[in-house]
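Asks: What follows is a single structure, and I will ask about it in a moment.
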Amino acid sequence: MADTNNKKKQKIWEELLKTTFFILTIGVIVICLPGESKYKYQFELGKPWQYDLLTAQFSFPIYKSQNEIRTERNAILERYTPYYDCDSLAGAKQIDLIKRHLTQAEENLEDPANTKGKRALQQLRRYLSEKMAVIYETGLVNDNDYANMAEKKAALVFITRNNISKSFGLESVYTRQTAMQYLLQNLPDGLTEDLLTQHGVAGYLQPNLFYNAELTNKLKNEELENLSLTSGLVQAGERIIDRGEIVNEQRYKVLCSLRQATEERQEETTSDNWLLRTGQALLILCLIGLFYLYTRMFRKQFYASKRYIVLMLSLITVFVIATSLIIRFSGHEKLVYALPYALLPIIVSTFFDTRTGLYSHIVTVIICSIMVPIPFEFLLLQITAGMVTINSLSDLSQRSQVIRTALIVVFLYGLMYFSYSLTLGDEALDMDWSMFLLFVINGILLLLAYPLIFMIEKLFGFISNVTLIELSNINTPILRRLSETAPGTFQHSLQVSNLAAEIAVKVDANPMLARTGALYHDIGKIKNPAFFTENQTTGVNPHDKLKPEESAAIILKHVTDGIALGREVQLPRSVLQFIYTHHGMNKVRYFYNTWCNNHPDEKPNEALFTYGGPEPNTKEQAIVMICDSVEAASRSLKEYNDENINQLVDRITESLIAEHHLDNAPLTLRQIGEAKSVLKDKLKNIYHTRIAYPELKQS
């Protein structure tokens with residue numbers, strides 16, 4: 001009673017743990033989904049509008065595109081409008097200096113009676129006072145500043161006087177050179193260039209305009225900040241677009257603006273976010289719930305194992321997280337098409353079955369479609385890719401199969417995308433050809449299936465057909481050692497593996513797993529090969545010198561020896577289970593009966609003659625137990641005929657059933673009957689009699 005209660009409690013805890021795995025998966029997926037509601041209209045530039053007439057439900061601005069904003073910002077940054085501060089005293093100072101110089105020159109004339117020279121100096125003083133005032137009224141900059149403005153193509157210069165800025169054309173601002181040219185071009189009669197040079201007039205042309213970098217940058221930043229992000233307004237009730245109309249650049253800008261305005265209005269209402277998260281949680285609950293029901297109702301052998309549950313849910317979650325990261329941070333939403341979603345059905349089909357692989361793939365891509373920009377296109381491509389992957393790779397056993405599947409998937413992606421684009425009215429030149437590059441990247445990433453399968457095998461303890469094929473090679477070191485040390489056992493293992501594989505095909509089990517398990521089930525006999533009759537060739541039986549319980553201990557030990565050898569050569573857990581279960585909790589019947597016959601009045605210690613189990617719990621393990629028992633017993637037949645073989649197979653099989661050794665295995669009575677039929681046919685072929693060849697008579 002206590003054991004029954006403990007089993008019930010353990011079953012409840014395991015059920016709670018598995019349910020927790022599903023709930024955690026739902027929570028992680030909901031966190032990965034976008035925190036804002038998805039805009040209900042999907043559209044692309046140059047494609048037809050697929051919905052009914054759309055009118056504005058509210059007024060909203062037409063936002064400029066990022067390219068337009070970038071162009072206008074670049075124009076502001078490239079447009080150089082410098083600000084200069086004018087020093088009004090600097091010009092007056094230079095005029096005063098030149099006047100003093102010329103007055104002093106007039107007083108210093110060698111000939112006081114030189115009236116002509118005095119008049120020339122007086123005329124020059126008046127001329128320079130007038131013209132230099134004009135020059136400094138506009139402004140004079142140094143040559144380097146002017147060259148810098150000319151290089152940056154500054155059309156205007158702002159000059160600040162008394163805190164008031166006024167714009168001037170660049171050509172109206174003077175440098176020393178242009179100021180000197182102005183003075184020379186307007187010389188009145190009686191004055192010469194030599195006279196200006198003689199009195200060093202050029203030296204008195206000093207700048208009175210000084211560059212104000214702080215003000216220039218401040219005003220430029222203000223202009224950038226005040227840059228308008230809109231280029232118009234759509235009034236409530238205004239027609240936007242109708243079904244079948246092409247989304248041209250202007251309509252695309254309006255539609256993008258409507259989407260942005262709608263999302264902004266939704267962000268202002270906090271209750272919408274709770275509704276969104278509630279809806280997402282319910283949606284994911286339904287999808288993962290369907291997957292939960294599928295595994296529990298139709299794949300009970302997988303649901304019974306926590307390892308299988310964790311692997312399936314981890315694969316779904318990883319692809320959802322990867323999709324979320326690409327959508328959020330890549331800046332290019334179509335990069336999701338480079339993500340190899342077909343990896344999921346490949347991996348699941350390898351360790352589970354094709355139906356589970358397709359089911360999990362469909363659930364995953366439906367969840368991911370919630371995040372992608374065009375859900376229908378995404379689902380169309382990914383579901384068809386998953387279907388063709390399942391069809392082309394239903395039984396992964398060679399590396400070349402992965403390469404072939406990757407090529408087929410890339411071709412299908414391209415064909416489906418091309419066909420879908422044509423249905424939208426696109427011409428070949430209008431298609432997004434970068435998508436085909438993403439499909440090629442997707443195919444290359446699909447080649448990761450092989451190393452990923454290897455990693456999952458090591459991490460979860462599963463086994464794939466690829467590994468089974470490698471292990472079933474009889475040239476592996478442990479099998480070669482078995483063939484050399486215990487050749488009879490090796491031949492027995494070969495026979496059992498062939499029989500098990502044939503039966504596995506008939507009862508819808510894994511023939512590769514059954515074959516491989518059968519090859520290794522007796523490797524423990526390597527330790528003491530002479531104690532097993534199939535290896536005794538000299539007629540000497542070492543058991544003759546031992547007590548029955550001692551002989552039984554040696555026979556029983558071949559299971560524990562086999563486990564030790566299997567772990568030493570790193571056999572997968574699935575193969576080790578065949579060593580544990582090929583005798584189940586059966587008895588070493590020969591020595592048990594011998595002991596009982598020798599001690600008729602004593603009760604035997606059955607533990608000394610009983611294997612430690614456990615009993616087989618998979619089809620493949622049960623098949624190997626049946627084949628092992630029947631093949632070993634068939635060697636004791638004195639005469640091989642149909643009747644004896646049929647009786648042997650029936651007797652051994654019914655004995656295993658009667659002693660409850662097959663109770664935990666998912667074999668039906670019909671499948672056991674099919675197994676018996678295969679065994680009878682194969683044993684008759686193995687032990688068929690040959691006709692005697694006549695001797696050649698000597699003439």
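Each reported figure results from applying straightforward, stated rules to the coordinates on display, with no laboratory input. Here the structure is a predicted model, which is why all the values come from computation and not from measurement. Note that each Cβ is placed from the backbone with ideal geometry, even for glycine, and that neighbours are counted across all protein chains shown.
Asks: Under the 0.36 nm per residue contour assumption, what length would be gained going from the current alpha-carbon distance of Gln647 and Asp143 to full extension?
Replies: Details: separation 504, 0.36 × 504 = 181.44 nm, distance 11.79 nm.
Gain in length upon complete extension: 169.7 nm.
Asks: For Thr71 and Met455, what does the FRET efficiency come to when R0 = 45 Å and r is the distance between their Cβ atoms, rounded to the nearest 0.05?
Replies: Values: r = 49 Å, r/R0 = 1.10.
Here the calculated transfer efficiency is 0.35.
Asks: Which peptide among 451-464, 478-491, 226-239 comes first, and what is the full order, when sorted by highest mean count of other Cβ atoms within 10 Å?
Replies: Working: 451-464: 15.6, 478-491: 17.7, 226-239: 11.4.
Taking the mean over residues of other Cβ atoms within 10 Å, the ranking is 478-491, 451-464, 226-239.
Asks: What is the set of long-range amide H partners of Tyr687 at a cut-off below 5 Å, with H atoms built 1.01 Å from backbone N?
Replies: For Tyr687, whose amide H was placed from the backbone, there are no distant partners under 5 Å.
Asks: Continuing with the same structure: Between segment 16-87 and segment 591-649, what is the C-alpha centre distance in whole Å?
Replies: One Cα centre to the other: 74 Å.
Asks: Once you place label points 7 Å from the Cα toward the Cβ at Leu424 and Lys220, how far apart are they in nm?
Replies: The answer from the label model is 4.1 nm.
Asks: When the chain is fully extended, how far beyond the present Cα-Cα distance does Arg79 get from Asn108, taking 0.36 nm per residue of separation? All intermediate terms of the calculation are to be shown ahead of the outcome.
Replies: Numbers: separation 29, 0.36 × 29 = 10.44 nm, distance 5.31 nm.
Using 0.36 nm per residue and subtracting the Cα-Cα distance, I get 5.1 nm.
Asks: Take the alpha carbon atoms of segment 344-410, find their center, do the same for segment 499-576, and report the distance between the two centers in whole angstrom.
Replies: 40 Å
Asks: Efficiency by 1/(1 + (r/R0)^6): what FRET value for Gln260 and His332, r their Cβ-Cβ distance, R0 = 22 Å, to the nearest 0.05?
Replies: 0.70
Asks: Hey, another quick one. Please report the relative contact order for segment 465-686, taking Cα pairs under 8 Å with a sequence separation of at least 6, and give it as a percent rounded to a whole number. Could the numbers behind the result be given before it?
Replies: Numbers: 304 pairs, mean separation 47.9, N = 222.
Dividing the mean separation by the residue count of segment 465-686 yields 22 percent.
Asks: Over segment 559-699, what is the mean sequence separation of C-alpha contacts under 8 Å (at least six apart), divided by residue count, expressed as relative contact order in percent? Walk me through the numbers before you get to the answer.
Replies: Numbers: 117 pairs, mean separation 32.2, N = 141.
With pairs under 8 Å counted, the relative contact order is 23 percent.
Asks: Same structure again: Counting other Cβ atoms within 10 Å of each Cβ, which trypsin sites (Lys or Arg not before Pro) in segment 128-208 have at most 13 and sit in a DSSP loop?
Replies: On the way: sites: Lys131, Lys152, Lys153, Arg161, Lys166, Arg176; in loops: Lys152, Lys153.
Passing sites in segment 128-208 are Lys152, Lys153.
Asks: Rounded to whole Hz and in sequence order, give me ³J(HN,Hα) for segment 190-195 from the Karplus expression 6.51 cos²θ - 1.76 cosθ + 1.60, θ = phi - 60°, writing x for Gly and Pro.
Replies: x, 10, 10, 4, 5, 5
Asks: Which value in deg cm²/dmol, rounded to the nearest 500, describes the helix-derived mean residue ellipticity at 222 nm for the chain, given -39,500 (n - 2.57) per DSSP H run of n ≥ 4 and division by the residue count?
Replies: -20500 deg cm²/dmol
Asks: Name the aspartates and glutamates eligible as straight-distance cross-link partners of Lys306: C-alpha to C-alpha under 19 Å, and not fewer than 8 places from it in the same chain.
Replies: Cα-Cα hits under 19 Å: Glu14, Glu15, Asp353, Glu457.
Asks: Could you order peptides 614-620, 327-333 by the average number of other Cβ atoms within 10 Å of their residues, highest first? Walk me through the numbers on the way to the answer.
Replies: Numbers: 614-620: 21.7, 327-333: 12.1.
So the order, starting with the most tightly packed, is 614-620, 327-333.
Asks: Got a sec? How would Leu679, Leu156, Leu325 order by Cβ neighbour count within 10 Å, fewest to most? Don't skip to the answer; put the middle values down first.
Replies: Details: Leu679 25, Leu156 15, Leu325 12.
Taking fewest neighbouring Cβ atoms as first place, the list is Leu325, Leu156, Leu679.
Asks: Further, regarding this structure: What Kirkwood hydrodynamic radius, in Å, does segment 76-224 give when the mean of 1/r is taken over all pairs of distinct Cα atoms and then inverted? Please report the intermediate quantities before stating the final value.
Replies: Working: mean 1/r = 0.0592 Å⁻¹.
Answer for segment 76-224: a Kirkwood hydrodynamic radius of 16.9 Å.
Asks: What is the angle, in °, between the Cα long axis of helix 88-107 and the longest principal axis of the Cα atoms in the chain? Nearest 10 is fine, range 0 to 90.
Replies: Once rounded, one gets 40 degrees.
Asks: Give me the angle, in degrees from 0 to 90, between the Cα long axis of helix 270-298 and the longest principal axis of the Cα atoms of the chain, rounded to the nearest 10.
Replies: Helix 270-298 and the main axis of the chain meet at about 20 degrees.
Asks: Consider just the alpha-carbon atoms of segment 22-118 and return their Rg together with their Dmax, both in angstrom.
Replies: For segment 22-118, the Cα radius of gyration and maximum Cα-Cα distance read 38.3, 118 Å.
Asks: Let me ask another. Non-local amide H neighbours of Ile62 (under 5 Å, H modeled in plane, Pro and chain starts lacking H): which ones?
Replies: Amide H neighbours of Ile62: Ser231, Gly232, Leu233, Val234.
Asks: Here's a follow-up. Can you pull the Kirkwood radius for segment 407-489, inverse mean 1/r over Cα pairs, to one decimal in Å?
Replies: Details: mean 1/r = 0.0589 Å⁻¹.
With all distinct Cα pairs of segment 407-489 included, I get 17.0 Å.
Asks: Based on the alpha carbons, how large is the Rg to Rh ratio for segment 465-686 when Rh follows Kirkwood? Before the final figure, lay out the partial values.
Replies: Numbers: Rg = 16.9 Å, Rh = 17.8 Å.
Radius of gyration relative to Kirkwood radius: 0.95.
Asks: Between Glu654 and Lys166, what is the label-to-label distance in nm when each label sits 7 Å out along the Cα-to-Cβ direction?
Replies: 12.5 nm
Asks: Another one. At what distance in nm do the modelled label points of Ile474 and Phe436 sit from each other, each positioned 7 Å from its Cα along Cα→Cβ?
Replies: 5.2 nm
Asks: Quick one: order Asp242, Asp561 by neighbouring beta-carbon count within 10 Å, fewest to most.
Replies: Working: Asp242 12, Asp561 18.
Final ranking by Cβ density, sparse to dense: Asp242, Asp561.
Asks: Where a Cα-Cα gap under 19 Å defines reach, which lysines qualify for Lys153, not counting those fewer than 8 residues away within the same chain?
Replies: Here the lysines satisfying the reach criterion relative to Lys153 are Lys166, Lys220.
Asks: Now for a different question. Output the peptides 49-61, 584-596 sorted from most to least packed, where packing is the average of other Cβ atoms within 10 Å over each peptide's residues. Mind showing how you got there, number by number?
Replies: Numbers: 49-61: 14.2, 584-596: 17.8.
The peptides rank, most packed first, as 584-596, 49-61.
Asks: Here's another thing I want to ask about it. So what are the ³J(HN,Hα) numbers for segment 76-81, from phi and the Karplus equation (6.51, -1.76, 1.60; θ = phi - 60°), rounded to whole Hz, Gly and Pro as x?
Replies: 5, 5, 6, 6, 9, 10
Asks: Could you tell me how many degrees, from 0 to 90 and to the nearest 10, lie between the Cα long axis of helix 434-446 and the main elongation axis, the longest principal axis, of the Cα atoms of the chain?
Replies: 40 degrees
Asks: At 4 °C and 1.567 mPa s, grab the translational diffusion coefficient of the chain from Stokes-Einstein with a Kirkwood Rh over Cα pairs, rounded to a whole number in µm² per second. The partial results should precede the final answer.
Replies: Values: Rh = 35.0 Å.
Reported coefficient: 37 µm²/s.
Asks: Next up: Only bridges whose two residues both fall in segment 76-224 count here: according to DSSP, what percent of them are antiparallel, nearest 5? Show your work: numbers first, answer last.
Replies: Numbers: 9 of 13 bridges.
Within segment 76-224, antiparallel bridges account for around 70 percent of the total.
Asks: Follow-up. Looking at the chain only, what percent of DSSP beta bridges run antiparallel? Nearest 5 please.
Replies: On the way: 16 of 20 bridges.
Among the beta bridges of the chain, antiparallel pairing accounts for roughly 80 percent.
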